[in-house]
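The values are calculated or read from the model by the stated rules, or taken from the named source; none is laboratory data. None of these values were measured; they are calculated from a predicted model. Here the Cβ positions follow ideal geometry from the backbone for every residue, glycine too, while neighbour counts run over all protein chains shown.
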Amino acid sequence: MQRAEEKEHCRHSDRYPVARAPSDSFKIRRATLPDADVIAWHRARMFQDMGDVSDDAFEILRTKSRARLEQWIDSGDYIGWLATPADNPETIVGGAGVQLQPILPRPVDTLQLAKAGRRQL
């Protein structure tokens, strides 16, 4: 059996071995309306950690984000997933989400249109 350090596909781009947790260590679940508060906290904290939000503005961003997330989760305009330890489902350790929104038509580069037209001929 090859060691993880020897397997190319088990290496991170910086060449260090990747530690893989068993899939039953964590559970992924869909975010629900009651999760809006913790998602808003994670979002505000992310911006604070990046230096984009001061300590004074943290609570303002968190509160406004929570209100909007509650609306969007309820309407289906936001879909989120939360990761929890399998043995402690009340502790959220990570998450991801998407905001669904329609967009207006936009101009397309005429060169792309010309190339597409030639392929169809």
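Suppose we keep only residues that are polar (S, T, N, Q) and over 25 Å from Ala40 (Cβ atoms) within the stretch 96-121. Which one would you say is modelled with the lowest pLDDT?
Gln120
When you scan the stretch 7-23, do you find a residue that is surrounded by 14 or more Cβ atoms within 10 Å (Cβ to Cβ), over 20 Å from Thr91 (Cα atoms) and modelled with pLDDT under 90, even just one?
Yes - at least one qualifying residue is present in the stretch 7-23.
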